[in-house]
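Down below is the structure, laid out as structure tokens.
What follows is calculated from the coordinates using simple rules that are stated; it is not laboratory data. Just so it is clear, the structure is predicted and the values come from calculations on it, not from any experiment. When we count neighbours, we look across all protein chains shown, and the Cβ atoms used for this are built from the backbone with ideal geometry, even at glycine.
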Amino acid sequence: MNHLTNEGGTDLNEQLTEQKSIYLQISEMIETDILRGILLEEEQVPSTNELAKLYTINPATAAKGINLLVDDGILYKRRGIGMFVSPGAREKILQKRRAAFARDHIAPLLAEARSLGITQEELLTMIKEREL
């Protein structure tokens, strides 16, 4: 297992930013690797020490990010071996991120549309004109 190098195509080599807590960024990068199929169910994830070395951070910070995923049922621990991707992890992440998308993007969009007097039909037309 070598998910810390570009060879595996993983995004764990992304640079950490100061926009949000490091442990949250670690957690999100692992989630993204699961969503993209880079880390699969029942596959081992990088250890807290590997993450700490890669990002030059305190192992406790890396552990905090990993523990968030354990708390969400995304990862589980095999005693003495390491952390692994839980069965159903990808679906849990999708549900979590879709809910966050609705909360962070759709709700404000609808509020702004209402304040501008944009009807539902007009809004749908605007969206369709800019299809995914």
Lysines near Lys20 by alpha-carbon distance under 24 Å, same-chain residues fewer than 8 away left out - which ones?
Lys53, Lys64, Lys92, Lys96
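Dipole magnitude of the chain about its Cα centre, charges +1 at Lys/Arg Cβ and -1 at Asp/Glu Cβ only, in debye to the nearest 20? Present the calculation step by step, with values, prior to reporting the outcome.
Values: 16 positive and 20 negative charges, 89 e Å.
Approximately 420 debye in magnitude.
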Here the averaged projected area of the chain, based on the convex hull of its alpha-carbon atoms and given in nm², is 10.0
Of Pro108, Gly80, Thr61, whose Cα points farthest to the positive end of the dipole of the range 57-132 (charges on the beta-carbon: +1 Lys, Arg; -1 Asp, Glu; origin at the Cα centre)?
Gly80
Using C-alpha positions alone, give me the convex hull volume of the range 90-132 per residue in cubic angstrom.
73
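Remind me, relative contact order of the chain in percent, using alpha carbon pairs under 8 angstrom and six or more residues apart?
Details: 127 pairs, mean separation 26.1, N = 132.
Taking the mean separation of contacting Cα pairs over the length of the chain, I get 20 percent.
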